[in-house]
1. Rounded, prolate or oblate: which one fits the stretch 8-134, using the alpha carbon gyration tensor with axes a ≥ b ≥ c (rounded when a/c is under 1.5, else prolate when a/b beats b/c, else oblate)?
2. Which of 90, 80 has the fewest other C-beta atoms within 10 Å, and how do the rest follow up to the most?
3. In nm, what is the difference between 0.36 nm times the number of residues separating residue 75 and residue 62 and their Cα-Cα distance?
4. So if each residue of separation counts as 0.36 nm, and I subtract the Cα-Cα distance between residue 109 and residue 30, what length gain in nm does that give?
Ligand SMILES: [Zn+2]
């Protein structure tokens, strides 16, 4: 990792302090429950540091693996991040705009995938079902706004226009 920089020593020192088994796991689980969207490992690490619970990457990876094994968290592959909750045999719907993940029960979809895998000679299949799109809340926000906005002599998307506007105000 290249991010060891100036705070590497402090992080290592803290990681070497023995803490009760499972404390880091619970801290990570709480972070993911509060986040409401998938968090990448680097984000988990940064949030732990901000909360005064810094840990070495190897310990964070181990905690994540243990949480995933017991079904407390799940990796959303397309987001390359983790969410709280057991996503086994559920479909993850990821909003590309706000990053929110909804886990949908759909046993019949997985039964169909099982049958398909078996028909093609694939034993004990493990499925991941994920879909990306724009959630209803984000769609509603966008639909009431102009598609493009003129800023000076440029035509830009509304969000960029806000940034350009605040830049110009500085
Ligand atoms: Zn959304």
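Just so you know, all these numbers are worked out from the coordinates, no wet-lab data involved. Note that this is a predicted model, so its numbers are computed, not measured. Here the Cβ positions follow ideal geometry from the backbone for every residue, glycine too, while neighbour counts run over all protein chains shown.
1. Values: a/c = 2.89, a/b = 1.91, b/c = 1.51.
Here the stretch 8-134 falls in the prolate category.
2. Ranked by crowding around the Cβ, least crowded first: 80, 90.
3. On the way: separation 13, 0.36 × 13 = 4.68 nm, distance 1.41 nm.
Contour length minus the Cα-Cα distance gives 3.3 nm.
4. Values: separation 79, 0.36 × 79 = 28.44 nm, distance 3.03 nm.
Extending this stretch completely gives an extra 25.4 nm.
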